[in-house]
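Okay, so here's the structure we're looking at.
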Amino acid sequence: MNADKEKWVLLIILSIIWGSSFILIKKSLEHFNPFQVGSLRVLIAGIILLPVAISNYKLFPKKHLKWLILAAFTGNFIPMFLFPIAETEVSSSIAGIINSMMPIFVIIVGALVWKFETTKKQIIGTLISFTGVCILAFGGGDSGELKMIPILLLLLATLCYAMSTTTVKSKLMEVSSTILSAFVFSFVLLFPSIIALTSTGFFSEFTFSKDNLLGLMFVSLLSVFGTGLAMTMNYRLLKVSSPLFASTVTLIMPIVAIIWGILDGEKLTYLQFIGAGIIIGGLIFLRTNPKK
């Protein structure tokens, strides 16, 4: 598979996986508090990827340790807590929609910090799609009930994702995607996640009840697919595309999130249908750009 086809396959699969993450967070919050959901998500991913990290420890990028730590905490730790906290106040659909700000933050962070070049056509395509995101956000139904503090938390989480994405693209491209994910979750974030989970009283209070086991199932799905596998694919996507293209995954995610919302009893308005169409239109516009 050539790089052009590969990046679009990765984009679609990641959109489905990450678009489904918000409903899994919602379901996980029915069984655990936000801090436990975030900690468990990182911990389970770290345990699964630990054998990969140990077997490749000689490849650990010591000379880029500070960049690895920055990418790990901004992309794989802080947002894992901000999203569950916010989703105690807003719907999973809103979380997916606000996360679509990421391409905008990638442009801002990339230009200000890393001096990335961005074409006018890329910016226009991103803005077209973000217009669709705004229509989705204010298109009625549950999505219309906006609350400022959780929205700000979601924006902060999205900014963190943009910081991580641009850091990986600028400083960590020499490390393979799978190994990079393993290092991030096992060598950098495993111990902090254990500390965070311990501080919530999880280990002392947990019992193997039906309710807790069901919650663990949701968090495990979130960890294995939405965290471990998805981040490995995301790092690969960064290798075969630009940070801006990779961030457009967040423009498709709201569509997936809203579909899950409908299946969970939420309603989709005509305006939200229009917003989804505009998002796809912006992505098509981005795809015609010869310089990605």
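The values are calculated or read from the model by the stated rules, or taken from the named source; none is laboratory data. Since we're looking at a predicted model, the values are computed, not measured. All Cβ positions, even for glycine, are placed from backbone atoms using ideal geometry, and neighbour counts span all protein chains on display. Surface areas here come from the heavy atoms of the whole protein model, side chains and all, with no ligands, DNA or RNA. Shrake-Rupley method; radii C 1.70, N 1.55, O 1.52, S 1.80 Å.
The residue of the stretch 24-41 that is farthest from Pro192 (Cα to Cα), among those that are among the polar types (S, T, N, Q) and in a helix (DSSP H, G or I), is Ser28. Of all residues in the stretch 221-268, those that are more than 14 Å from the chain's Cα centre (by Cα) and within 16 Å of Lys27 (Cα to Cα) total 10.
Filter the stretch 201-222 for residues that are in contact (Cβ under 8 Å) with a residue 24 or more places away in the chain and not hydrophobic (A, V, I, L, M, F, W, C); which is surrounded by the most Cβ atoms within 10 Å (Cβ to Cβ)? The residue in question is Gly215. Looking only at the stretch 19-53, residues that are open to solvent by less than 40 Å² (accessible area, probe 1.4 Å), under 17 Å from the mean Cα position of the chain (by Cα) and not hydroxyl-bearing (Ser, Thr, Tyr) come to 15 in all. No other residue among Leu214, Leu271, Leu229, Leu237 is in a helix (DSSP H, G or I), hydrophobic (A, V, I, L, M, F, W, C), modelled with pLDDT of 90 or more and more than 16 Å from Gly38 (Cβ to Cβ) apart from Leu214. Scanning the stretch 178-200 for residues that are farther than 16 Å from Pro79 by Cα, in contact (Cβ under 8 Å) with a residue 12 or more places away in the chain and not hydroxyl-bearing (Ser, Thr, Tyr) yields Ile179, Leu180, Ala182, Phe183, Phe187, Ile194.
Checking each residue in the stretch 178-187 for being crowded, with 22+ Cβ neighbours inside 10 Å and under 11 Å from Arg236 (Cβ atoms) picks out Leu180, Ser181.
Scan the stretch 54-65 and tell me whether some residue there is among the hydroxyl-bearing types (Ser, Thr, Tyr) and buried (at least 21 other Cβ atoms within 10 Å of the Cβ). No, the stretch 54-65 contains no residue that is among the hydroxyl-bearing types (Ser, Thr, Tyr) and buried (at least 21 other Cβ atoms within 10 Å of the Cβ). For the stretch 149-177, the candidate set comprises residues that are over 17 Å from the mean Cα position of the chain (by Cα) and open to solvent by 40 Å² or more (accessible area, probe 1.4 Å); within that set, the residue that is farthest from Phe73 (Cα to Cα) is Ile149. When you look at Ile107, is it open to solvent by 50 Å² or more (accessible area, probe 1.4 Å) and among the β-branched types (Val, Ile, Thr), yes or no? Against the criterion (open to solvent by 50 Å² or more (accessible area, probe 1.4 Å) and among the β-branched types (Val, Ile, Thr)), Ile107 does not qualify. Scanning the stretch 75-97 for residues that are among the polar types (S, T, N, Q) and either assigned to a loop (DSSP other than H, G, I, E, B) or open to solvent by 20 Å² or more (accessible area, probe 1.4 Å) (or both) yields Thr88, Ser91.
Within the stretch 253-264, not a single residue is open to solvent by less than 40 Å² (accessible area, probe 1.4 Å) and among the charged types (D, E, K, R). Close Cβ contacts (under 7 Å, 6 or more residues apart or on different chains) running from residues in the stretch 20-35 that are closer than 25 Å to Ile255 by Cβ and of a type in the set (A, V, I, L, M) to residues that are open to solvent by 50 Å² or more (accessible area, probe 1.4 Å) and part of a helix (DSSP H, G or I) comprise Ile23/Trp260; Leu24/Leu221. Taken over the stretch 72-122, the residue count meeting the criterion of being basic (Lys, Arg) and under 17 Å from Thr166 (Cβ atoms) is 1.
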